[in-house]
Amino acid sequence: MDAAFNPLQLHGRHFLVTGASSGIGRSTALLLYRLGARLSVVDRDEQGLASLCAELSPELREADPLVPHIADLSDTAAIEGLVARCVAANGLLHGVVHCAGIQAIAPVRTLKIDGWRKILAVNTEAALMLGKSMSSKKVYAGENGSIVFISSVMGMVGSVGAVAYSMSKAALDGMARSLSLELAPRRIRVNCVAPGYVRTPLFEQTETLWDDATKKAVEDLHPLGFGQPEDVANAVAFLAADTGRWITGSVLVVDGGYLAR
Amino acid sequence: MPQQTELPGYVLITGASSGIGREMAISLSAHYRLILNGRDAERLQATQAACRSPERQLCWVRDLADVGTLSETLPPFLEQNGATVTGFVHCAAMLDVLPLRSITIGHAQDVMNTNALAAMEITRLLMRKNVNHKALKSIVFISSIASQFGAKGFTAYCASKAALDGLMKALAVELGPEVRVNSVLPGGVRTPMTQAMFDDPVTAERLTKDYPLGVGLPSDITSAVAFLMSEQARWITGHQMVVDGGRSANISA
């Protein structure tokens, strides 16, 4: 094997990354671009996307455009149109990584229907619509297809205040399993990555609710401590590249050992 | 006694004389020095010859079913070769498809010893300070989707793979953060161990139907192991990583 060959390389492939302005999405976009992919990056945060493009601008390759699209994915009816614009600008897609997600810690008695429906819309329905878009010949490049949904350990275990979030992630895992069977004949793989507590802006929202004792207690539940966005991005790259060619319908847990306890 | 930093680090691969273990060895030899373990000296040497820089690899011939005597052989082997083990990949496994009525306790114990208890015992030995000098960083067990699901004729095998995954999780919790421990759960991959299944036309046809992405290659498994052993997986521990072409997601299977 050639020492320079990187098994995670993505040359010649077009990926759509949602939630690319920050956290796991940003880390994923940076890594996939550096592995050779051309990207469509989507977020509702215009400044965040601009800063991502600025960060990559010294490394931009002419053959691999990085195209930003501002969109609020809670408008799930608009997703097929968004994907069509991504394809028009940067060519047919080899894959999608859905990192966009919202969280709202709240006791169930305060839950409002509009609030949890929005969580479900961004976390789960948007993923479904992105998957549906990939099933079209006008969207999919026809080979090396890989869809990755960022799920969460909260889809598999419970936590006080996380009812709607847990629901959205458990639904995401189940949806991905059936989607993987539907898209297998077209050689599009579908997998979830389930992170544990990773240091991102979304996590920091949760952390503000904890005192120091609670923070330490939660960290102690992780044999390897809290994670970094890069830890999740690495797992996404593994699934996106040929290294994951026989993996579909799975949930890859990246959680520092949290679920093993 | 030499200091730990002066000793070369190796990855120990059990079951290296054939199938997934052999592929694993050939593939990982591009990045790591290896200790190859198997029962058959000739086939083990053939694996060694197929590796990158064969002269840098070591062969440890040993039947792992004989779990009780591993403590008498592995530590001296490491000392004689001046070796420390930084990574351990357990690919050794016995699979005999037998109806329950044909299984003897002796056979079931051999299966459990080779598939699960040897993994525990080797880990225990590699965690002893005066044997391996705290060198161990990462462990991967080759389990199976059979650890999660049953199949006719697989009682001892399923039991042993479930035991292996239970062991993996306990080790991940106990040995973390210094050592990461994970399992890879392959679906049906064509190897000498599984050849009988693939040779039977009825089984072979069902396998093709049941697997959304078709049957797997040993390289699919080695890719997953290489990832788990790497820095890119530094926050992954206690995980059962399914690599099975979508088989376990398939209700129609």
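The values are calculated or read from the model by the stated rules, or taken from the named source; none is laboratory data. Computed from a predicted structure; not experimentally measured. Note that we place each Cβ from the backbone using ideal geometry, even for glycine, and neighbour counts take in every protein chain shown. For the accessible areas, the whole protein counts, side chains as well, though only heavy atoms, and no ligand, DNA or RNA atoms are used. Shrake-Rupley method; radii C 1.70, N 1.55, O 1.52, S 1.80 Å.
Could you please find all residues in the stretch B:123-149 being more than 22 Å from B:Gly9 (Cβ to Cβ) and either open to solvent by 40 Å² or more (accessible area, probe 1.4 Å) or not in a helix (DSSP H, G or I) (or both)?
B:Ser143, B:Ser144, B:Gln148, B:Phe149
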Looking only at residues that are open to solvent by 50 Å² or more (accessible area, probe 1.4 Å) and touching a residue at least 24 places away in the same chain (Cβ under 8 Å) in the stretch A:158-180, which one is nearest to A:Gly91 (Cα to Cα)?
A:Arg177
Only residues in the stretch A:55-70 that are at pLDDT 95 or above count as the first member; pair them with residues that are open to solvent by 70 Å² or more (accessible area, probe 1.4 Å), Cβ under 6 angstrom, at least 6 apart or cross-chain, and list the lot.
A:Ile70/A:Glu46
Any idea how many residues of the stretch B:29-48 are open to solvent by 70 Å² or more (accessible area, probe 1.4 Å) and either free of Cβ contacts under 8 Å to residues at least 40 places away in the same chain or among the basic types (Lys, Arg) (or both)?
4
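Regarding the stretch B:200-220, can at least one residue be identified that is under 25 Å from A:Leu31 (Cα atoms), at the interface with chain A (Cβ under 8 Å from one of its Cβ atoms) and surrounded by 16 or more Cβ atoms within 10 Å (Cβ to Cβ)?
Yes: the stretch B:200-220 contains one or more residues that are under 25 Å from A:Leu31 (Cα atoms), at the interface with chain A (Cβ under 8 Å from one of its Cβ atoms) and surrounded by 16 or more Cβ atoms within 10 Å (Cβ to Cβ).
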Out of A:Gly244, A:Gly249, A:Gly227, I need the residue that is touching a residue at least 12 places away in the same chain (Cβ under 8 Å), at positive phi and within 8 Å of another protein chain (Cβ to nearest Cβ). Which one?
A:Gly249
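Per-residue answers, yes or no, for (1) more than 16 Å from the chain's Cα centre (by Cα); (2) free of Cβ contacts under 8 Å to residues at least 12 places away in the same chain; (3) in a helix (DSSP H, G or I):
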site: B:Glu121; (1), (2), (3): no, no, yes
site: B:Ala156; (1), (2), (3): yes, no, yes
site: B:Ala162; (1), (2), (3): no, no, yes
site: B:Lys169; (1), (2), (3): no, no, yes
site: B:Asn182; (1), (2), (3): no, no, no
Count of the stretch B:221-239 residues which are touching a residue at least 24 places away in the same chain (Cβ under 8 Å) and more than 8 Å from chain A (Cβ to nearest Cβ):
5
Among strands (runs of 3 or more DSSP E) entirely inside the stretch A:1-97, those with 3 or more residues being among the aliphatic types (A, V, I, L, M) are A:38-43, A:66-70
